[in-house]
Amino acid sequence: MSSLLAIAALVLVTAITPGPNNLVVMRKASRAGLIDALPSVLGVVCGSVALLAVVAAGAGFAFTAWPPLRLLIGIGGAGYLVWLGLGLMCASRGHGHEPKLPSGTWGLFGFQFLNPKAWVMVLTVVASSRPGGPFDAFTRLAPLFIVIPAACLLLWASLGAALSSQLARPAARLWSDRLLGVLLIVSAPLMFV
């Protein structure tokens, strides 16, 4: 049971910290409202559960067989978060275009398979779970991958919806983009924890 609580804590820390999923959901809610952000939340949660199924079914063995692969995923994920953060900060200054983020239910579902932060979380959680078959690992972990990320994403969406009127002003949007950019950059080292 303590192992499951530790895994739940890891999923919570990974899901609540700034990252591309939270950024997309918050921005969607700030521009279109909380209800319109729900398909994005659904795409992230379902994609994460699908990624968990793939890793639990055996894809994680590649990372066990070749340990540097996990480090490469971590470096790639941290680099991606820094790139997104810098892109937001530069776009807010008018020096470039905002980085292209995935959108929609299916776009965010598929993005989970490209999202290094999601891979690091799933690989770490599956490796930390007690031994058992793939079905056992999946059935034990899937509820955590549904409830915790959904709650965290809804929190980010609620924040975006609550700030929507303020973020409609260009100066507020500028500071919001800068703050989100800094948060993404600061959260990049978490890829290695």
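The values are calculated or read from the model by the stated rules, or taken from the named source; none is laboratory data. Predicted, not measured: the structure shown is a model, and the values here were computed from it. Backbone-built Cβ (ideal geometry, glycine too); neighbour counts: all protein chains shown. Just so you know, the surface numbers come from the protein's heavy atoms only, side chains and all, with ligands and any DNA or RNA stripped out. Shrake-Rupley method; radii C 1.70, N 1.55, O 1.52, S 1.80 Å.
When the Kirkwood radius is taken over all Cα pairs of the chain, what Stokes-Einstein diffusion coefficient follows at 20 °C and 1.002 mPa s, in µm²/s?
126 µm²/s
Could you work out [θ]222 nm for the chain from helices alone, using -39500 (n - 2.57) per DSSP H run of at least four and dividing by all its residues? Round to the nearest 500 deg cm²/dmol.
Result for the chain: -25500 deg cm²/dmol, rounded to the nearest 500.
Taking only Cα atoms, what is the 0 to 90° angle, nearest 10, from helix 170-187's long axis to the longest principal axis of the chain?
20 degrees
Given labels modelled 7 Å from the Cα in the Cβ direction, how far is it in nm from Thr17 to Phe135?
Rounded to a tenth, the inter-label distance reads 3.5 nm.
Assuming a viscosity of 1.002 mPa s and a temperature of 20 °C, what translational diffusion coefficient in µm² per second does Stokes-Einstein assign to segment 1-55, Rh being the Kirkwood radius over Cα pairs?
In µm²/s, the coefficient rounds to 171.
Simple spin-label model, 7 Å along Cα-to-Cβ: Phe113 to Ile75 in nm?
2.5 nm
Could you state the accessible area per residue of the chain in Å², with a 1.4 Å probe and every protein chain left in place?
With all protein chains present, the chain gives 49 Å² per residue.
From the alpha carbon gyration tensor of segment 109-193, can you work out the equivalent ellipsoid semi-axes (sqrt of 5 times each eigenvalue) and give them in Å, largest to smallest?
Taking √(5λ) for each Cα gyration eigenvalue gives 33, 16, 10 Å.
Which percent of the accessible area of segment 47-175 is formed by carbon and sulfur heavy atoms (probe 1.4 angstrom)?
Reported share for carbon and sulfur atoms: 75 percent.
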